[in-house]
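Every number in this text was worked out from the coordinates using simple rules, so none of it is lab data. Quick caveat: nothing in here was measured; it's all calculated off a predicted structure. Glycine gets a Cβ as well: all are built from the backbone with ideal geometry, and neighbour counts include every protein chain shown.
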Amino acid sequence: MTPNQLIFVNRLLECEGLSFVADDYAMAFSNNRTNVLEDLSHTETQALIKSFVRPSPKSRMKAKILSMAHEMRWEKENGKVDIQRLDAWCNKHTPSHTNFNSIPLKELPKVVSVYEKMYQAFLKQL
């Protein structure tokens, strides 16, 4: 664990009121290899940080839209969502008429609702 990661992890533990059990977290994420946070490997440190850091509301809403786009087969040959198609839809159907990644947070709930309606219509056609 780097010094900056150690500071970050300690802050995460403090914010959750868990700083007194830091050694328990070290044991858990190192598979009982060590009880010292500084001795965690890069992979173990990343797993520990990921367990505390939650995706933002904006990330969750965007992920929901991307998930529905996958299910509707709005994909390229490589299996990734066809962002150009999604951008075209967003430009036509969102209040700000912007690309998918430019939709403001305050508009996303409405965009998710509209996209869900289209997704439900898609499911009924199957």
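Values as computed for the structure displayed
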item: Qualifying trypsin sites (Lys or Arg not before Pro) for the range 1-75 [loop in DSSP, other Cβ within 10 Å: at most 13]; result: R33, R73
item: Normalised per residue, the volume of the convex hull around the Cα set of the range 57-125 (Å³); result: 81 Å³
item: Residue exposure sequence - Y119, Y25 - by fewest surrounding Cβ within 10 Å; result: Y119, Y25
item: Cα-centre dipole for the chain with unit charges at Cβ (Lys and Arg positive, Asp and Glu negative), debye to 20; result: 880 debye
item: Once exposed loop GluC sites (Glu not before Pro) are cut out (DSSP; at most 10 other Cβ, 10 Å), longest piece of the chain; result: 17-76
item: Sorted by Cβ neighbour density within 10 Å, fewest at the top, the residues C90, C15; result: C15, C90
item: Pairs beyond 23 Å (Cα-Cα), from K64/K117; K76/K106; K64/K124; K58/K80; K58/K124; result: K76/K106; K58/K124
item: Cα pair count fraction exceeding 23 Å, expressed as % - the range 1-124; result: 51 percent
item: FRET E, pair F20, T43, Förster distance 22 Å, beta-carbon r, rounded to 0.05; result: 0.30
